[in-house]
Amino acid sequence: MSNENSTNNDEKKDVKMVDTEEKITIKVSDDHDNGMQFRVKPTTQLKKIFDHFAAKQSVSRTDLRFYHNGVKLQDTDTPKDVNLQEGDTIEVLRQQIGGL
């Protein structure tokens, strides 16, 4: 009798652990070697990563620009949209106004 209960409990645990989307790790780094790693689903909007990085660096989010392979990333992009893979790096640059 206890064998049947054990089997039923194992089946319930298996159902709970099923995840339809695997997470990937993305590194975000600026030119001062301030880097952070984020573990996100491929469908997560990058805005969440950008906002968190800016807050941890104590800078205004509007002062930062985010790039991957030379392409500027948008808040509404997802890792899947821009083909970010496990271990890829997003480069962070500060906005520059004017200059010579």
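The values are calculated or read from the model by the stated rules, or taken from the named source; none is laboratory data. Owing to the predicted nature of the structure, the values given are computational and were not obtained by experimental measurement. Quick reminder, even Gly has a Cβ in these numbers, built from the backbone with ideal geometry, and neighbours come from all protein chains shown.
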Residue check: is Leu46 surrounded by 13 or more Cβ atoms within 10 Å (Cβ to Cβ), touching a helix residue (DSSP H, G or I) at 6+ places or on another chain (Cβ under 6 Å) and within 18 Å of Lys27 (Cβ to Cβ)?
no
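Within the stretch 5-50, track down each residue that is modelled with pLDDT of 70 or more and of a type in the set (A, V, I, L, M, F, W, C). It would help to see each step written out before you state the result.
Here is the first cut: in the stretch 5-50, the residues modelled with pLDDT of 70 or more are 21-50.
Within the stretch 5-50, Ile24, Ile26, Val28, Met36, Phe38, Val40, Leu46, Ile49, Phe50 qualify.
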Number of the exception - Thr76 against (1) modelled with pLDDT of 95 or more; (2) exposed (fewer than 14 other Cβ atoms within 10 Å of the Cβ); (3) touching a strand residue (DSSP E or B) at 6+ places or on another chain (Cβ under 9 Å)
(3)
Looking at the stretch 18-65, which of its residues are farther than 16 Å from Leu93 by Cα and in contact (Cβ under 8 Å) with a residue 60 or more places away in the chain?
Ile24, Thr25, Ile26
Within the stretch 80-92, is even one residue touching a residue at least 40 places away in the same chain (Cβ under 8 Å), hydrophobic (A, V, I, L, M, F, W, C) and under 14 Å from Gly35 (Cα atoms)?
yes
Mind checking which residues of the stretch 73-94 are under 14 Å from Asp30 (Cα atoms) and not acidic (Asp, Glu)?
Thr89, Ile90, Val92, Leu93, Arg94
Tell me which of these Ile90 doesn't satisfy, since it passes every other one: (1) loosely packed, with under 14 Cβ neighbours inside 10 Å; (2) in contact with a helix residue (DSSP H, G or I) (Cβ under 9 Å, 6 or more places away or on another chain); (3) at pLDDT 95 or above.
(1)
